[in-house]
Amino acid sequence: MTDISSVARLSEPLKFAYWVPNVSGGLVVSTIEQRTGWDFEYNKKLARIAENSGFEYALTQTRYAASYGADKQHEATSFSLALLAATERLRVISAVHPGMWHPGVLAKYIITADHISNGRAAVNIVSGWLKDEFTNFGLEWLEHDERYVRTEEFIRVLRGLWTEREYSQSGKYYNITDFTLQPAPVAVPGRAHPEIFFGGNSTAAQATAGRVADWYFSNGKDLEGFKENIAGVVASAVEAQRGTGGALGSPRFGLNGFVIARDSEKEARDTLREIVEKAHRPAVEGFRAAVQEAGASTKDGKGMWADSSFEDLVQYNDGFKTQLIGTPEQIAERIVEYKKIGVNLFLTGYLHFQEEVAAFGTDILPIVRELEADLARKNGTELVPTPAATGATGKLVNA
């Protein structure tokens, strides 16, 4: 059994998100059938299914150059805005690259999205790894650790413009002078500003997340691997004196996982085997060459995908590593083991999004809630519903 971490929040229900399939080809680079569309009508229906199935967040991917099997893609922020307008409760996270946006322009855009959605807009800041997306646009390409220097300044500008009047910041990449954005973001209880997600596996990424992010996102990891990531982020947050009464509380943790839920473990494992056997090998190998060069460019060799196998990369965010594969009971038990080490949110992917997101809500989430409640009680506390995780009855969704 997994020991309970000091950063685990046993009284808080886990949150669940899904990858918005706004790119063609689904979430695995394989010729296996994927009943998943990348068009807006498919995604509008999916978003409504998700929010009625207990999902609180959706993350819209950012992609510009056709890569790893996806030859078509919709822009993330505009797609997210459309999904926000089509839903009532779902929080939609737009993935964006510093270097392609000015943080002041993005801050203004997200404020508008926040008002349109009554406080449900969020961002995921992605430092970027695909060099061609920058150089072919004629944009400056920074080396690995320097990209995180820029990202940290970018996030500080966002937060400053969202929370202060006449905000100023002098840095290497951004200089803001006495700037006020009006209106401010929507005032949402328990939220200081639109949530800032940020991801990366490298030491530099963990340090940046610990200093400035609301949420730290990671590619798929096994339990021991994600423990190491959490420890790196927590150490940085402690050094930055977060969570000691300041305006910026301690970061929370999100983890990617690809869900294969079937009636038996054998059936689930057979599905995984078929996905890998039908992998689009040239696309996966091309992706592998690009991303493992990026991982190797870090000083300590701990960048994203640095230790990923061919099988891992068939799901391009290492979603198989999290091992959410088996029966609904097995998956729920696995999810709660991750909660014990400090995971607060799962970002999930599927072969057939609409039907499998709905099935997650009916078959897996109720078991998760029961296990969470038992875990809390055994450790002297109670699972306390949060407003976003409750339906009209005030009870946990799918509890």
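The values are calculated or read from the model by the stated rules, or taken from the named source; none is laboratory data. Keep in mind it's a predicted model, so treat the numbers as computed, not measured. Don't worry about glycine lacking a Cβ; one is built from the backbone with ideal geometry, like all the others, and counts go over all protein chains shown. Note: areas computed on protein heavy atoms with side chains; ligands, DNA, RNA excluded. Shrake-Rupley method; radii C 1.70, N 1.55, O 1.52, S 1.80 Å.
Using only side-chain charges placed at the Cβ, +1 for Lys and Arg and -1 for Asp and Glu, the dipole size of the chain relative to its Cα centre rounds to 760 debye. Here the scattering of segment 140-208 is modelled by Debye summation over its C-alpha atoms, one equal scatterer each and no solvent; at q = 0.11, 0.21, 0.27 Å⁻¹ the log10 of I(q)/I(0) is -0.33, -0.96, -1.17. DSSP bridge analysis restricted to the chain gives an antiparallel fraction near 20%, rounded to the nearest 5. Think of each Lys and Arg Cβ as +1 and each Asp and Glu Cβ as -1; about the Cα centre, that makes the dipole of segment 1-114 roughly 120 debye. Amide H contacts of Thr87 (H built 1.01 Å from N, in plane; Pro and chain starts excluded): no residue 5 or more places away or on another chain comes under 5 Å.
When the inverse distances between all different Cα atoms of segment 63-210 are averaged and flipped, the Kirkwood radius reads 16.2 angstrom. Near Asn124: Cβ cut-off under 12 Å, other residues only, Lys/Arg at +1 and Asp/Glu at -1. The net charge is -1. Amide H contacts of Gln61 (H built 1.01 Å from N, in plane; Pro and chain starts excluded): Val20, Asn22 sit under 5 Å, all sequence-distant by 5 or more or on other chains. Restricting segment 92-174 to chymotrypsin sites (Phe, Trp or Tyr not before Pro) that sit in a DSSP loop and have at most 15 other Cβ atoms within 10 Å of their own Cβ leaves Phe137, Trp141.
Here the alpha carbons of the chain define both size measures, Rg and Dmax, at 19.9, 61 Å.
Among residues other than Ile196 whose Cβ falls under 14 Å from its Cβ, what is the net charge (Lys/Arg +1, Asp/Glu -1)? Counting the neighbours of Ile196, the net charge comes to +2. Convex hull volume per residue, computed on the Cα atoms of segment 9-50, equals 107 Å³. Treating each Cα of segment 1-74 as an identical point scatterer and summing with the Debye formula, the log10 of I(q)/I(0) at q = 0.12, 0.13 Å⁻¹ comes to -0.47, -0.53. How large is Rg/Rh for segment 128-284, to two decimals, with Cα atoms and a Kirkwood Rh? My calculation puts Rg/Rh at 1.06. Would segment 1-139 count as rounded, prolate or oblate if I go by the C-alpha gyration tensor, calling it rounded below 1.5 in a/c and otherwise prolate when a/b exceeds b/c, oblate otherwise? It comes out rounded by the Cα gyration axes.
Surface composition of the chain: carbon plus sulfur atoms contribute 50% of the solvent-accessible area (1.4 Å probe, protein chains only, all chains present).
Compute the signed sum of charges (Lys and Arg +1, Asp and Glu -1) over the other residues within less than 13 Å, Cβ to Cβ, of Asp270.
0
Would you mind computing the Rg to Rh ratio of segment 187-273 from its alpha-carbon coordinates, Kirkwood style for Rh? My calculation puts Rg/Rh at 1.13.
Taking only protein heavy atoms and a 1.4 Å probe, what accessible area per residue, in Å², does the chain have with all protein chains in place?
Counting only protein heavy atoms, the per-residue value for the chain is 41 Å².
Taking the Kirkwood radius as Rh and the Cα radius of gyration as Rg, segment 99-164 has a ratio of Rg/Rh equal to 1.03. Applying both filters, DSSP loop and at most 11 other Cβ atoms within 10 Å, to the GluC sites (Glu not before Pro) of segment 135-176 gives Glu140, Glu143, Glu166. Its relative contact order, with pairs defined as Cα atoms under 8 Å and 6+ residues apart, puts the chain at 23 percent.
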